[in-house]
Amino acid sequence: LDNIHCRDCGHELEKDLEKRIGIIDASVSMGANTVSVNYVPQEIKKVKIEDRIKAMGYKIMKTEADVQVGLKMQKKKGVLLGISAFLFITGLVLFWGNLDPIFFEYEWNFLVVVFSPSSVLFLISLAIPGISIAKAGFYSLKGRVITIDLLVILASIGAILIGEYWEATAVVFLTAFGELLQD
């Protein structure tokens, strides 16, 4: 499997598969990035199991070519995370160095909207790794399991709503960096 980052993700996949008629049990090995499924072929077809795994947001790598594509994607994620880091650090220098003119600011109850060079850099830096984390969070929500990806997205949305763009970016960036190291 590709895109399996944590034990919760593996547990979520096991639980979802085991709910299906015809599947006896499922076991995810984090170290090997594999899933083993014991099933009754008369009750469920292998293609249905594979479709369900894909629907949960995971890519099945069957050949060496698939593994090579996965490695290329991992390198691409590393480059994108490097760009995100550069934008994040640049935003921090502007924000903490008082070099950040505020062009627009609006406050209403707890909602704070700030438009400045650093806020734009933070939001772009957040979006680069945040898209894949949001997708993983969506799939976990779809599978009725709360995972770290979902919690990270909720925390970043909350931080954005109160105008703490750098904190939202830090949470998403550090999570993506941790997942990259884990991969």
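The values are calculated or read from the model by the stated rules, or taken from the named source; none is laboratory data. Since the model is a prediction, treat every value here as computed from it, not as a measurement. So basically every Cβ, Gly included, is an ideal-geometry build from the backbone, and we count neighbours across all protein chains shown. The area values use the complete protein model at the heavy-atom level, side chains included, leaving out ligands, DNA and RNA. Shrake-Rupley method; radii C 1.70, N 1.55, O 1.52, S 1.80 Å.
Would you pick out the residues in segment 134-183 that are in contact with an Asp or Glu (Cβ under 7 Å, 6 or more places away or on another chain) and either modelled with pLDDT of 90 or more or closer than 14 Å to Ile4 by Cβ (or both)?
Ala136, Ser140, Gly143, Val145, Thr147, Ile148, Ala159
For every residue, the table says whether it meets (1) under 14 Å from the mean Cα position of the chain (by Cα); (2) of a type in the set (A, V, I, L, M, F, W, C); (3) over 16 Å from Cys9 (Cβ atoms); (4) in a helix (DSSP H, G or I).
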{"residue": "Pro129", "(1), (2), (3), (4)": "yes, no, yes, yes"}
{"residue": "Lys135", "(1), (2), (3), (4)": "yes, no, no, yes"}
{"residue": "Ser140", "(1), (2), (3), (4)": "yes, no, no, yes"}
{"residue": "Val145", "(1), (2), (3), (4)": "no, yes, no, no"}
{"residue": "Val152", "(1), (2), (3), (4)": "yes, yes, no, yes"}
{"residue": "Ala159", "(1), (2), (3), (4)": "no, yes, yes, yes"}
{"residue": "Val172", "(1), (2), (3), (4)": "yes, yes, yes, yes"}
{"residue": "Thr175", "(1), (2), (3), (4)": "yes, no, no, yes"}
{"residue": "Leu181", "(1), (2), (3), (4)": "yes, yes, no, yes"}
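Give me the residue from segment 14-42 that is touching a Leu at 6+ places or on another chain (Cβ under 8 Å) and closer than 14 Å to Lys54 by Cα and, out of that set, surrounded by the fewest Cβ atoms within 10 Å (Cβ to Cβ).
Per the stated criteria, the residue is Thr34.
Identify, please: which residue in segment 45-61 is surrounded by 17 or more Cβ atoms within 10 Å (Cβ to Cβ) and free of Cβ contacts under 8 Å to residues at least 60 places away in the same chain and is, among those, nearest to Leu150 (Cα to Cα)?
Ranking the candidates gives Tyr58 first.
Can you tell me which residues in segment 62-90 are open to solvent by 90 Å² or more (accessible area, probe 1.4 Å) and of a type in the set (Val, Ile, Thr)?
Hits for segment 62-90 are Val79, Ile89.
Ala155 fails exactly one of the following numbered conditions: (1) open to solvent by 40 Å² or more (accessible area, probe 1.4 Å); (2) touching a residue at least 12 places away in the same chain (Cβ under 8 Å); (3) farther than 30 Å from Lys19 by Cβ. What is the number of that condition?
If we test Ala155 against (1) open to solvent by 40 Å² or more (accessible area, probe 1.4 Å); (2) touching a residue at least 12 places away in the same chain (Cβ under 8 Å); (3) farther than 30 Å from Lys19 by Cβ, just (3) comes out false.
Of all residues in segment 82-118, which are touching a strand residue (DSSP E or B) at 6+ places or on another chain (Cβ under 9 Å) and modelled with pLDDT of 85 or more?
Of everything in segment 82-118, those that are touching a strand residue (DSSP E or B) at 6+ places or on another chain (Cβ under 9 Å) and modelled with pLDDT of 85 or more turn out to be Phe115, Ser116.
Scan segment 100-122 residue by residue and report those that are touching a helix residue (DSSP H, G or I) at 6+ places or on another chain (Cβ under 7 Å) and open to solvent by 70 Å² or more (accessible area, probe 1.4 Å).
Listed by number, the list holds a single entry, Phe110.
Right, Val93: in contact with a Phe, Trp or Tyr (Cβ under 6 Å, 6 or more places away or on another chain) and either without any contact (Cβ under 8 Å) to a residue 40 or more places away in the chain or open to solvent by 30 Å² or more (accessible area, probe 1.4 Å) (or both) or not?
Criteria not met by Val93.
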